[in-house]
Amino acid sequence: MESVTDTLGRPLRDLRISVTDRCNFRCAYCMPKEAFPKDFAFMQREKLLKFGEITSIVKAAVPMGLRKVRLTGGEPLLRKEIEWLIKGLRAIEGVEDIALTTNGSLLAKKAPLLADAGLDRVTVSLDSLDDATFRAMNDVNFAVERVLAGIEAALAAGLTPVKINMVVKRGVNDDHVVAMAKHFRGKPVILRFIEFMDVGTTNGWRLEDVVPAGEILKRVTAEVDLEPLQANYKGETALRYGYADGVGEIGFIASVTQPFCSACNRARLSADGHLYTCLFGTQGHDLRRLIREEDASVEQLTEALEGIWRMRADRYSEIRSDDTRDLPKVEMSYIGG
Ligand code: SF4
């Protein structure tokens, strides 16, 4: 089958799969405590896609051009026996890259199991090295050293390159960007600075809280020599820079100030089987119903995915404005970043 493209000529290459809507952190830019209190009604187990259903959807998307799978959440390592899902995905011909995004809280324990199961690499969210700031940002008083231990365990297990995601919010952790760049200099990790985004409807996003990537770059290069690097592939979200002394890399994900929708080849699958064609989507496509109620085969799922993707026209970050602010956008913790 020739590669299927959407209305803007973009192929589907990358599927981000949320395996749970639960998380043990309450980061204000994603899952604020006010909107997700202790007694929040998270999905019941029977509502979650089973591992076999997830692998069927991935198998169905490979003929369309899918090559990369990223496991997300909530916090994906809260999903029991996720290693079995990774083994199942690893066995699918055509899947070239399996990554996982985590808050790192369970990584120190899980890293060897994940590597044995066939996971290629991990991305760890780390919003500051300052313990007080980190504890305040995860809002569950979780110590930064435990996440740093998780990063070391991932490196030791060969889940590389390890990427570090820092969401930068003005007046909260923006003073820590230089310290992060200096700390990871010379280490085999890729540090990415992410502009604070208006995902979902609960994180109280304001444009004035966004620190543009250009400003972060200026702050970092005032103390650390960086050189621009070529993109690794079309559709890569990060603007890449290398340390001038050649050891290590930094990326900037500038969804607000430098949108990258024109080459966006990503879709997202919620833990209960709804496919979203944009991180800022308002409507998902219910694949779980096709599987459970219509007993759809892999071939029929391919047809359904093709139909959805051919109609896709998303480019939210390019059209972001006051008019889009109050759209009923899906929560990031529901579909993963
Ligand atoms: S805003 Fe939507 S279309 Fe644009 S890059 Fe993000 S996910 Fe892709």
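The values are calculated or read from the model by the stated rules, or taken from the named source; none is laboratory data. Here the structure is a predicted model, which is why all the values come from computation and not from measurement. Quick reminder, even Gly has a Cβ in these numbers, built from the backbone with ideal geometry, and neighbours come from all protein chains shown. Just the protein is used for accessible areas: all its heavy atoms, side chains included, with ligands, DNA and RNA removed. Shrake-Rupley method; radii C 1.70, N 1.55, O 1.52, S 1.80 Å.
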Find the centroid of the Cα atoms in segment 156-226 and in segment 272-294, then give the distance between the two in whole Å. 31 Å
Over 27 Å between C-alpha atoms is what I'm after, so list which of Lys182/Lys329; Lys169/Lys218; Lys68/Lys109 land there. Lys182/Lys329
Would you mind listing how long segment 14-335 runs along its three principal axes, going by Cα atoms, in whole Å with the largest first? 58, 47, 44
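Using the Cα centre of segment 14-335 as the reference point, and only Cβ charges (+1 on K/R, -1 on D/E), how large is the resulting charge dipole? Debye, rounded to the nearest 20.
Numbers: 44 positive and 47 negative charges, 89 e Å.
Rounded to the nearest 20 debye, it is 420 debye.
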I'd like the orientation of helix 298-310 relative to the chain: the angle between its Cα long axis and the longest Cα principal axis, in ° from 0 to 90, rounded to 10. 60 degrees
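Using DSSP to define loop residues, name the GluC sites (Glu not before Pro) in segment 246-325 whose beta-carbon has at most 15 other beta-carbon atoms within 10 Å.
When the GluC sites (Glu not before Pro) of segment 246-325 are filtered for loop state and at most 15 Cβ neighbours within 10 Å, Glu293, Glu294 remain.
So how do 153-159, 5-11 stack up, highest first, on mean other-Cβ count within 10 Å?
Values: 153-159: 19.3, 5-11: 15.7.
The densest-packed peptide leads the list: 153-159, 5-11.
Ratio of alpha-carbon Rg to the 2.2 N^0.38 Å globular estimate for segment 1-158, to two decimals, please. Numbers along the way, then the final one.
Working: Rg = 16.9 Å, N = 158, 2.2 N^0.38 = 15.1 Å.
My calculation over the Cα atoms of segment 1-158 gives 1.12.
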How much of the accessible area of segment 100-172, in percent, comes from carbon and sulfur atoms when a 1.4 Å probe is used? 52 percent
Coarse-grained scattering of segment 164-244 at q = 0.15, 0.18, 0.19 Å⁻¹, given as base-10 log I(q)/I(0) from a Debye sum over alpha-carbon atoms: -0.57, -0.81, -0.89
If you count only protein heavy atoms with a 1.4 Å probe, what accessible area per residue comes out for the chain, rounded to a whole Å²? 43 Å²
Taking the chain and dividing mean pair separation by its residue count, relative contact order in percent (alpha carbons under 8 Å, at least six apart): 23 percent
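Where in segment 53-96 are there GluC sites (Glu not before Pro) that are in a DSSP coil and have at most 16 other Cβ atoms within 10 angstrom of their Cβ?
Numbers: sites: Glu53, Glu81, Glu83, Glu93, Glu96; in loops: Glu81, Glu93, Glu96.
Passing both the DSSP loop test and the Cβ count: Glu81, Glu93, Glu96.
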What does the helix-only formula give at 222 nm for the chain: each DSSP H stretch with n ≥ 4 adding -39500 (n - 2.57), the total divided by the residues, and the result rounded to the nearest 500 deg cm²/dmol? -8000 deg cm²/dmol
Taking segment 271-337 as the region of interest, what is the percent of Cα-Cα pairs per 10 angstrom bin, listed from the shortest bin to the one with the maximum distance? 19, 44, 28, 8, 0
How about segment 36-87: which chymotrypsin sites (Phe, Trp or Tyr not before Pro) there are in a DSSP loop, with at most 12 other Cβ atoms within 10 Å of their Cβ? Phe40
